[in-house]
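Remarks on the structure that follows.
The values are calculated or read from the model by the stated rules, or taken from the named source; none is laboratory data. Not measured: the values here are computed from a predicted model. For neighbour counting, all protein chains shown are included, and Cβ atoms are generated from backbone atoms with ideal geometry for every residue, glycine included.
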Amino acid sequence: MTKAVADTPPGREQPRPGGPGWWTARRRDRLAGYLFAAPQLAGTVLFVLLPLGLMFWYSLHDWNVLAGGFTWTGAENYERLAADPALPGVLGATAAFSAGLVVLNLSLALVLAILLNQRLRGTIVFRTIFFSPVAVTLVAWTIVWRFLLQDDGGVNGLLSTIGAEGPNWLRGEATAMAAVIVVQVLKNVGLNMVLFLAALQGVPKELYEASTIDGAGAWTRFRRITMPMISPTILLTSIITVVGSLQVFAQIDVLTSGGPGTSTTVLVYYLYQNAFQFHDFGYGATLSVLLFAIVLVLTVIQWQMRRKWVVHED
Amino acid sequence: MKHARLLIAAAAAAPLALAACGGADDDGPVTLRMTTWSASEDHLAMLNEIADAYTADHPEVEAIEFDPLPFEGYTSTLTTQIAGDNAPDLAWILENSAPDFVTSGALVPLTDTLSGADGYEYDDLIPAATELWTHDDELYAYPFSTSPFAVFANEDLLAEAGQPTAAELVASGEWTWERAVEAGAAVHAATGTDGLVIRDFDYTGWDNLSTLWTGWGANAWSADGAECGFDDPEMTEALTFMHDAVFEQEAMPGPGTTADFFAGEAAFTVTQISRAGLLADAAFEWDLVPLPAGPTGDYSVIGQAGLGVLTVAPHPEEAADFLAYMTNPENSAKLAQYFPPPRESQLTAEVLGQANPLLSPEQLQAVVIDRIDAGVVKPSHTGQAQLDQAVRAALDPLWTADADVAGVLAELCTAIDPLLAQ
């Protein structure tokens, strides 16, 4: 093995790589740091950054998988996106789903967390009951609900026992969207509930005691103490829920396949149809870029808003 | 000890180095892969038997793997594999995606390979069977299964409702859609079970309704695919008939209701004969009869499945050669155990009887052999997946009790006209 001698100017002699002087504790630490970070970094590059870059690249092409064509079309897919007659309906359905899900999920999670935060018998049982759907496989959960929501399914069967006639839930435009939202809320409300519960239990008791002495009622205590103290958790759960709601797919696919009509065709489902059913991966990628932009903008807005309503934010 | 942390870090990063070491292709004998949507052990055993006989004589092919994909989403899975540079060599192709595959250049032309193969008897293939898979006089896929739609009847339910058997209706010349729906409604009224189920329709798989509307002479679109047929008077009449059958006579289960004929939950079901296998342990008496006559008389609708070689296959030449072997007269007779063959000489009650031991020669003659030549295939069009969605979405408003049938169908045409024009 030969060693290369570095061509260094006189007076500025440096330790050779691998030599005793070069291999300092600092360099060793740095190498260890890089090695420790390498798996995570490789994963991020390979499975996040690279696909993200490819998505932008594909969106600039016409890629018909069957025909084997992959041709540069520049901004053509974006022009098509701007003129797509189906897009307003799709964005409307997406907004309706997200709004319904976020409002229902967060408010229900908070109410459940407050109820289960009381020192009452049986709260552990109820916590387990409300949290258990989170651990169930999404598709299995949704398939069971599809049977329950059929015209002659369990939900309408239950309603008929009290003399009420339920609608054909998954076949009416308004009821289908409501059904998809409720099924998704019931699936995931437990997760937000646990996060709220942890936040509620982190609120110092002294604050409540002090305010009670000052004569604050239950509502004032909730508004002036509980809400500000758990506001970082509200921010976290709202970001997770909004982003999650924009990525809903399996529930739509299993429950309604985007119907009736196109009333539950949300953006991700429309993207899936274009890419994987219509074999148009280029336009599918363009819709992904739109989804990415929407998620990014909403997250930035929420992040900026934290200054206004999150207490104790550095 | 001073290197301990570095060693742990190196160990943590080691899997990356391993992952970077991929395998490389070799130049030896090739392995072919064929995707199917059947995971039936019997089907796979038969396919493997044919494959083993082929590889024994063809050293250039080391092995042939059959890769069953779920029927639900089959075409999407296949195209995703193609997009992911993991295309199979051969693939089963559903009839509704036939035009997309056949006209896009996705499949290798087969006419020369098949007609040039020793003892292939290419002219034995029935033109009505190969038409869907042919483009510019070139065959792009072999229609290995060509199976007419027929009606299974539950004799016990009909008797319970005081109705004649299906065979009696056929014999007396009364076997029409109107009479079938009347019998279905009577069964529903008398027993509470459902009357007539067009299987796999479920208010989404609308192309299965062609088994009904063809009896009215209706078509989804014109033969050249350019003009919408849903607003034609024949179609309006056919779908008005069906709407009444569902919502007024309650002879067919409504949207959001499931009824499985094979579990004894309906008097009749319209489906392909290959489903007869589901009746092996049936707890009721049943029969198989041709589709009922419509206002335009007798007709038949056939469902098909093709087998093609993908242009982007890793080994297209070897795959085409195997396809020729797999579908030669000798192996076609083996395939006929499960799939009605497109070969004229093999469309006999005897050959089909081996495949369908539950069906009598008379049933096979009446339902399959007499009907296959005149069969109309289910509607398909270039860009079928997009059309499929558009029609499904536009038909949804039809499935309410107070729907305006003609109005819905006119809007449907407005919705799909731009797609048909593409």
Quiz item: What's the number of the condition A:ALA25 fails, among (1) surrounded by 12 or more Cβ atoms within 10 Å (Cβ to Cβ); (2) within 14 Å of another protein chain (Cβ to nearest Cβ)?
Solution: (1)
Exercise. Answer yes or no: is there a residue in the range B:174-192 that is under 30 Å from B:SER332 (Cα atoms) and not aliphatic (A, V, I, L, M).
Key: no
Quiz item: Is it the case that the range B:349-370 has a residue that's within 14 Å of chain A (Cβ to nearest Cβ) and over 30 Å from B:GLU250 (Cα atoms)?
Solution: no
Exercise. Just give me the residues in the range B:181-228 being within 14 Å of another protein chain (Cβ to nearest Cβ), under 18 Å from B:ARG392 (Cβ atoms) and small (Gly, Ala, Ser), in sequence order.
Key: B:GLY205
Exercise. Considering each of A:ALA75, A:ALA32, A:ALA42 in turn, give the residue that is among the aliphatic types (A, V, I, L, M), over 25 Å from B:THR382 (Cβ atoms), loosely packed, with under 13 Cβ neighbours inside 10 Å and not assigned by TED's automatic domain parsing to the domain that holds A:LEU290.
Key: A:ALA75
Quiz item: Out of (1) under 30 Å from B:GLY205 (Cβ atoms); (2) buried (at least 17 other Cβ atoms within 10 Å of the Cβ), what's the single condition that is false for A:THR241?
Solution: (1)
Practice problem: Can you give me the ranges of the helices (runs of 4 or more DSSP H) entirely in the range B:324-422 with at least 1 residues that are modelled with pLDDT under 90 and within 21 Å of the chain's Cα centre (by Cα)? | Solution: B:329-335, B:349-355, B:361-364, B:384-395
Quiz prompt | Identity of the residue in the range B:242-268, aromatic (Phe, Trp, Tyr) and under 25 Å from the mean Cα position of the chain (by Cα), that ends up modelled with the lowest pLDDT | solution = B:PHE262
Quiz item: What number of residues within the range B:77-111 satisfy the criterion of being within 21 Å of B:LEU44 (Cα to Cα), under 15 Å from the mean Cα position of the chain (by Cα) and within 12 Å of chain A (Cβ to nearest Cβ)?
Solution: 2
Self-check item: Members of the range A:196-213 found to be closer than 25 Å to A:PHE130 by Cα and in a helix (DSSP H, G or I), listed by number
Solution: A:PHE196, A:LEU197, A:ALA198, A:ALA199, A:LEU200, A:GLN201
Exercise. Could you run through the range B:46-76 and say how many residues are surrounded by fewer than 16 Cβ atoms within 10 Å (Cβ to Cβ) and within 11 Å of another protein chain (Cβ to nearest Cβ)?
Key: 2
Self-check item: Count - residues of the range A:160-195 that are more than 23 Å from A:VAL134 (Cα to Cα), part of a helix (DSSP H, G or I), within 14 Å of another protein chain (Cβ to nearest Cβ) and not acidic (Asp, Glu)
Solution: 2
Exercise. Give the residues of the range A:243-296 that are among the aromatic types (Phe, Trp, Tyr), under 18 Å from the mean Cα position of the chain (by Cα) and either more than 14 Å from every other protein chain (Cβ to nearest Cβ) or not in a helix (DSSP H, G or I) (or both), sorted by residue number.
Key: A:PHE249, A:PHE292
Quiz item: Taking only pairs six or more apart or across chains, which ones have beta-carbon atoms under 9 Å, a first residue in the range B:289-305 that is of a type in the set (D, E, K, R), and a second residue that is surrounded by fewer than 20 Cβ atoms within 10 Å (Cβ to Cβ)?
Solution: B:ASP298/B:ALA374
Self-check item: Where B:PHE149 falls short, out of the listed (1) in a helix (DSSP H, G or I); (2) under 21 Å from the mean Cα position of the chain (by Cα); (3) not acidic (Asp, Glu)
Solution: (1)
Quiz item: Quick one: A:ALA216 ticks every box in (1) touching a residue at least 60 places away in the same chain (Cβ under 8 Å); (2) outside any helix (DSSP H, G or I); (3) not charged (D, E, K, R) bar one, so which box is it?
Solution: (1)
Exercise. Please tell me if A:MET177 is more than 30 Å from A:ALA93 (Cα to Cα), at pLDDT 90 or above and in the same structural domain as A:VAL144 (by TED's automatic domain parsing).
Key: no
